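Enquirer: Sharing a structure, written as structure tokens. Questions coming.
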Amino acid sequence: MPGRTSLTVVLAAGEGTRMRSSMPKVLHPVAGQSLLAHVLGAAPKGAGAALAVVIGPGHEPVADETKRLRPDAVAFIQHERLGTAHAVLAARDAIARGADDLLVAFGDTPLISAATFERLRAPLKDGAALAVLGFRAADPTGYGRLLVEGDQLVAIREQADASAEERAIKLSNAGVMAFDGRTALEVIEKIGNANSKGEYYLSDAVAIVRQLGLKAVVIETSEDEVRGINTKAQLAEAEQVMQTRLRKAALDAGVTMIAPETVYLAADTTFGSDVTIEPFVVIGRGVSIADGAVIHSFSHVVQASIGKKASVGPYARLRPGTSLGAGARIGNFVEIKAATLEAGVKVNHLSYVGDAHVGANANIGAGTITCNYDGFDKHRTDIGSGAFVGSNSSLVAPVKIGSGAYIGSGSVITRDVPDDALAVERSEQANREGGAKRYREMKTRDRKPKGG
Ligand code: UD1
Ligand code: MG
């Protein structure tokens with residue numbers, strides 16, 4: 001919102017016990033990014049937009065994730081879990097700085113968009129003291145219900161405190177709110193805990209705003225945008241919603257997908273033009289796919305950059321740190337890790353290339369392995385441009401294969417190979433004339449051969 005400063009407080013102190021996981025709830029991933037990353041990604045950013053995250057005691061990994069995503073954010077610890085209003089006040093120091101708008105969002109509600117945050121702020125400009133994000137829940141059980149009179153919101157009733165009549169209301173509290181910064185602290189500090197759970201409910205802010213003679217309003221959104229995640233089943237549902245969005249965005253951007261419902265994307269996947277992704281491809285975080293590249297079926301790609309017109313798979317695995325140049329070809333049952341393959345490199349079948357650099361147009365034969373690990377340390381393999389590595393070669397790192405060098409099939413290469421050299425490391429072949437015939441005769445002398 002131009003001209004208005006904001007502070008977004010993201011509540012993320014939840015234990016997440018219903019996730020049945022030792023990991024803090026907000027660090028669970030949807031589309032390759034933590035729940036927290038999605039919320040922080042949608043929160044207002046740029047000049048005049050401050051951010052605070054309220055975390056649970058001992059949840060340093062949440063503080064670390066916050067810093068990674070938004071170095072300008074401040075983490076506050078809520079030492080006791082006494083309710084959502086209590087959690088907001090953990091960030092009192094940040095709130096007291098007095099931004100024009102105070103936004104409160106939940107770290108376990110990852111599908112919210114930046115546009116919705118802006119929609120929620122709009123009524124503040126027009127004089128509302130509080131705008132609450134609401135949605136019509138298919139099943140509102142467990143949500144706070146929004147009590148509305150005319151165009152004004154008069155109260156939010158939590159499930160545990162609601163009458164039968166109030167429980168029939170479908171319009172529910174999404175948990176995201178925007179306060180006018182001038183009255184926010186006064187309102188939140190007035191919230192008490194006289195309710196059936198003895199918790200400080202942020203939802204009581206509405207009634208207090210009314211008592212002060214100020215105005216509260218509802219801004220509605222779809223249920224899909226505000227799904228809160230408390231269980232692994234809800235995490236999986238959110239993943240489906242997010243995947244549907246990402247597939248649609250990819251199709252709209254011109255990506256060809258024959259069966260988009262079988263393709264898994266990450267929130268940060270980037271595509272050039274004329275990219276094709278065949279069915280049953282899984283793309284994890286940190287992947288960029290340049291113009292004209294094709295990812296064939298059953299490939300798994302994470303933290304990799306795929307060059308123009310490159311071809312990957314079917315059945316390829318690109319692990320973190322893979323960079324493929326233009327026109328590179330990675331075929332079936334090939335695994336690449338922490339390796340740069342320059343333009344035109346071919347690794348067409350059954351190979352492992354890890355901790356390596358492969359120069360332009362090199363050809364890596366079927367079954368080639370870079371032996372990068374000696375049981376203690378990882379070592380690098382450097383293959384020059386235009387080199388030809390014969391099938392079933394083992395390149396024992398650290399080792400360098402020169403440009404234009406040629407490795408005979410089946411070699412175990414332990415020493416550097418100069419440019420344009422031919423290296424063959426295997427025992428000499430012995431042909432015994434008539435040997436096969438003699439062998440057969442010996443085996444059949446006393447018995448009939450088995451099988452057909
Ligand atoms: C809350 C709302 C409810 C709304 C629903 C939407 C309140 C009292 N109720 O209920 O009206 O319909 O969300 O999903 O606000 N948290 C803390 N510290 C606390 C308590 C909570 O950080 O002491 C955080 C949680 O980590 C979570 C968020 O606040 O991210 C919401 O808490 P949760 O316990 O999930 O509230 P709900 O019962 O879902
Ligand atoms: Mg919740």
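Enquirer: Report the normalised scattering of the range 369-452 as log10 I(q)/I(0) at q = 0.23 Å⁻¹, calculated by the Debye formula with identical scatterers on the alpha carbons.
Expert: -1.04
Enquirer: Counting other Cβ atoms within 10 Å, keep those with at most 14, restrict to DSSP loop, and tell me which GluC sites (Glu not before Pro) in the range 62-132 are left.
Expert: 80
Enquirer: Let me ask something else. Got a sec to turn the phi values of the range 417-422 into Karplus ³J(HN,Hα) couplings, 6.51 cos²θ - 1.76 cosθ + 1.60 with θ = phi - 60°, whole Hz, x for Gly and Pro?
Expert: 10, x, 3, 6, 7, 10
Enquirer: Along the charge dipole of the chain, pointing to its positive end and built from +1/-1 on Cβ of Lys, Arg, Asp and Glu, which listed residue (21, 388, 133) has its Cα farthest out?
Expert: Most positive-ward Cα: 388.
Enquirer: Scan the range 194-229 for trypsin sites (Lys or Arg not before Pro) in coil per DSSP, keeping those whose Cβ has at most 15 other Cβ atoms within 10 Å, and list them by number.
Expert: When the trypsin sites (Lys or Arg not before Pro) of the range 194-229 are filtered for loop state and at most 15 Cβ neighbours within 10 Å, 197 remain.
Enquirer: Antiparallel DSSP bridges in the chain: what percent, to the nearest 5?
Expert: 20 percent
Enquirer: What fraction of the DSSP beta bridges in the range 6-226 is antiparallel, stated in percent and rounded to the nearest 5?
Expert: Approximately 45 percent, going by the DSSP bridge assignments.
Enquirer: For the chain, what is the charge dipole size about the Cα centre, in debye to the nearest 20, if Lys and Arg each add +1 at the Cβ and Asp and Glu each add -1 at the Cβ?
Expert: For the chain, the charge dipole is close to 1780 debye.
Enquirer: Further question: Between the range 112-136 and the range 45-91, what is the C-alpha centre distance in whole Å?
Expert: Between the Cα centre of the range 112-136 and that of the range 45-91, the gap is 21 Å.
Enquirer: Each residue of the range 199-216 in turn: what ³J(HN,Hα) in whole Hz from Karplus with 6.51, -1.76, 1.60 and θ = phi - 60°, glycine and Pro shown as x?
Expert: Each residue's phi maps through the Karplus curve to give 10, 8, 8, 4, 4, 5, 4, 4, 4, 5, 4, 5, 4, 7, x, 9, 10, 10 Hz.
Enquirer: Placing +1 on the Cβ of each Lys and Arg and -1 on the Cβ of each Asp and Glu in the range 217-344, which of 275, 303, 260 has its Cα farthest towards the positive end of the resulting dipole?
Expert: With unit charges placed on the Cβ atoms, the residue in question is 303.
Enquirer: What dipole magnitude, in Debye to the nearest 20, does the range 6-226 give about its Cα centre under +1 on Lys/Arg Cβ and -1 on Asp/Glu Cβ?
Expert: The calculation lands at about 200 debye.
Enquirer: Identify the GluC sites (Glu not before Pro) of the range 333-435 meeting these criteria: DSSP loop state and at most 16 other C-beta atoms within 10 Å of the C-beta.
Expert: Sparse-neighbourhood loop GluC sites (Glu not before Pro): 425, 428, 433.
Enquirer: What are the semi-axes of the equivalent ellipsoid of the range 232-423, taken as the square roots of 5 times the eigenvalues of the Cα gyration tensor, listed largest first and rounded to whole Å?
Expert: 34, 17, 12
Enquirer: Count the lysine pairs in the range 232-423 whose Cα atoms lie under 19 Å apart, taking only pairs 8 or more positions apart in sequence or on different chains.
Expert: 7
Enquirer: What Kirkwood Rh does the chain have if only Cα atoms enter the pairwise 1/r average? Answer in Å.
Expert: 25.8 Å
Enquirer: Accessible surface of residue 396 in the full protein assembly, 1.4 angstrom probe, to the nearest 10 Å²?
Expert: The accessible area of residue 396 comes to roughly 50 Å².
Enquirer: Amide H neighbours of residue 49 under 5 Å, at least 5 residues apart or on other chains, H built in the peptide plane: list them.
Expert: Under 5 Å from the amide H of residue 49: 6.
Enquirer: Under 9 Å from the Cβ of residue 56, count the other residues' Cβ atoms, weight Lys and Arg +1, Asp and Glu -1, and hand me the total.
Expert: Net charge in that neighbourhood comes out at 0.
Enquirer: Assuming R0 = 51 Å, what is the FRET efficiency of residue 141 and residue 5, from their Cβ-Cβ distance, to the nearest 0.05?
Expert: It comes to 0.85.
Enquirer: Return the whole-Å distance between the Cα centroid of the range 194-240 and the Cα centroid of the range 294-323.
Expert: Result: 42 Å between the Cα centres.
Enquirer: Now for a different question. Whole number in Å², please: accessible area per residue of the chain, 1.4 Å probe, ligands, DNA and RNA not counted.
Expert: Value for the chain: 47 Å² per residue.
Enquirer: Provide the packing ranking of 404-411, 178-185, 9-16, 236-243, i.e. peptides ordered by the mean count of other C-beta atoms within 10 Å per residue, highest first.
Expert: Most protected by this proxy first, the peptides run 9-16, 178-185, 404-411, 236-243.
Enquirer: How large is ³J(HN,Hα), in whole Hz, for each residue of the range 288-298 in order, when computed from phi with the Karplus curve 6.51 cos²θ - 1.76 cosθ + 1.60 and θ = phi - 60°, using x for Gly and Pro?
Expert: Per residue, the Karplus-derived 3J(HN,Hα) values read 10, 10, 8, 3, x, 6, 10, 10, 7, 3, 6 Hz.
Enquirer: Another question, then. Straight distance only, please: which lysines reach the Cα of residue 437 with their own Cα at less than 20 Å, same-chain residues fewer than 8 apart left out?
Expert: Counting by Cα, and skipping residues close in sequence, residue 437 has these lysines nearby: 448, 450.
Enquirer: With a 1.4 Å probe and every protein chain left in place, tell me how much accessible area residue 66 has, in Å² to the nearest 10.
Expert: 0 Å²
The values are calculated or read from the model by the stated rules, or taken from the named source; none is laboratory data. Quantities reported herein were computed from a predicted structural model and do not represent experimental measurements. Every residue, glycine among them, receives a Cβ derived from its backbone with ideal geometry; neighbour counts consider all protein chains shown. Just so you know, the surface numbers come from the protein's heavy atoms only, side chains and all, with ligands and any DNA or RNA stripped out. Shrake-Rupley method; radii C 1.70, N 1.55, O 1.52, S 1.80 Å.
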